[in-house]
1. To make sure I understand, if each residue's beta carbon is the centre and we count other beta carbons within 10 Å, what order do Asp317, Asp245, Asp124 fall in, fewest to most?
2. Please report, for the Cα atoms of the range 3-156, the Rg to one decimal and the Dmax as a whole number; what are they, in angstrom?
3. Hey, got the Cα dimensions of the range 338-418 along the principal axes, in Å, largest first?
4. How would Val212, Val137 line up from fewest to most surrounding beta-carbon atoms within 10 angstrom?
5. What is the list of residues in the range 373-404 whose amide nitrogen lies under 20 Å from a point 7 angstrom out from the Cα of Arg365, following Cα to Cβ?
6. List the relative contact order of the chain as a percent without decimals, with contacts defined as Cα pairs under 8 Å and 6+ residues apart.
7. Over the alpha-carbon set of the range 287-381, work out the extent along each principal axis and list the three values in angstrom, largest first.
8. Can you list the GluC sites (Glu not before Pro) in the range 168-261 that are in a DSSP coil and have 14 or fewer other beta carbons within 10 angstrom?
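Since every read-out is calculated from the coordinates, none of them should be taken as a lab result. Bear in mind the structure is a predicted one, so any value in this text is a computation, not a measurement. Reconstructed Cβ throughout: ideal geometry from the backbone, glycine too, with neighbour counts over all protein chains shown.
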Amino acid sequence: MIRIASLGMSHETAPVALRERLAKDPDNVDTALAFMRDLECIHEGLFISTCNRVEALYTTEDPDEAKKSILSLLSRLGGIPEYRLLPNIFSFEGMEAVSHIFRVASSLDSMVMGEPQILGQIKDAYRQATKAKTSGVVVNRMMHRAFHVAKRVRTETGISDAAVSVSYAAVELAKKIFRDLEGRSILLIGAGEMAELAATHLIGYGVRSIRVANRTFQVALEKAEFFNGIPVSLEEVGPQLLEVDIVITSTASPEPVIKYEQVKGSLRRRRNRPLFFIDIAVPRDVEPRVNELENVYVYDIDDLKGIVEDNLAHRKDEAVKAERIVQEEVLKFERWLKSLEVVPTIISLREKAEEIRRTEMKKSRSALGSLTPAQLKAIETLTVSLSEKIINDPILVLKKLALRTTRDTYVNMARRLFKLDQENGDKG
């Protein structure tokens, strides 16, 4: 009997030092697929390789032998002894393996729950498997259902709605303040990683232009070129406050670089246009009193982290709904998989009926005398119809019983009643 299984490592089971040794070579996926294709114990399979997970999903009639082979494959790909791999490996069989891939595709098993990148990575892995001809009926169906589950989770839950990183939280706040970020402008002060990431996300949402200020002008110039923006000196920050909509600060200054009086003096000339400060620096770059000014909004790193924590709690609540969707879809897939187990018997039954029909037609042909093509076609149609009607009820019963625990009993009975397992010429 065909079994579905998966084996690999992820951010939950293995440290990054181990994962990166398996994921660093982009040719590993092709190597793994070729290896799986040549194994007699594996019928179908795909191989996922990302920075957070490396795993094989496959079908087999010999789970133990297949597991040994995949473990050996991972050992060779990473140059890691099997004894070192074993404590960091996860392994699933049957519907647990199906549930696992559905959860992975839905980002329920990701380091950041709800992130969208993993679905694209799994689609790439499936595309490579189809190209390498390692996927078949079961894996094809399973992957398409995984994509369907991911879509349901995305549309029926709010698991991807709330920002769970400081940089994305800044974007969400900016969207609330300005509604539409199209055409807005940014002033980036300093060169902190989170600040630059926030700027990158804002540009992705339609921000028009960016100016970059830094204590070292050479650094400002390099960062401005990276963002296709304009470099400015720290002395120019005051005039820049008249022009920009969003200010992101992340300097190492021990004193605030944005002062209350400086911002207050710019407000009249801004004509009440909102000004949004994202202060990611510690110590803070923006004087706290700035937040008291009308139409000025200041969020520091603690504010942003508080939003992230609230959003993480929201995602965990939504994950409960997502897990229910996964369970529902696993049951549907299990029903489909069980229905496959009666298919060989149904095919054998149809083949035997057709063989008998052809044999009897051949025997009777001489007794029928001279027939026109139309008459011969009519007799062919009649005999085909008769044989199909005779076996129709047994086939319907087999399909109906496919999901019951007594399925194997009825399948064996059908094979014995219609002598489907006897060799040609065996009249016993």
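1. On the way: Asp317 11, Asp245 21, Asp124 14.
Ranked by crowding around the Cβ, least crowded first: Asp317, Asp124, Asp245.
2. Rg and Dmax of the range 3-156, Cα atoms, are 14.2, 44 Å.
3. 53, 20, 15
4. Working: Val212 27, Val137 13.
Result, fewest neighbours first: Val137, Val212.
5. 373-387
6. Working: 595 pairs, mean separation 51.3, N = 428.
Relative contact order of the chain: 12 percent.
7. 108, 28, 15
8. Details: sites: Glu172, Glu182, Glu193, Glu196, Glu222, Glu225, Glu235, Glu236, Glu243, Glu261; in loops: Glu182, Glu243.
Sites meeting the loop and neighbour criteria: Glu182, Glu243.
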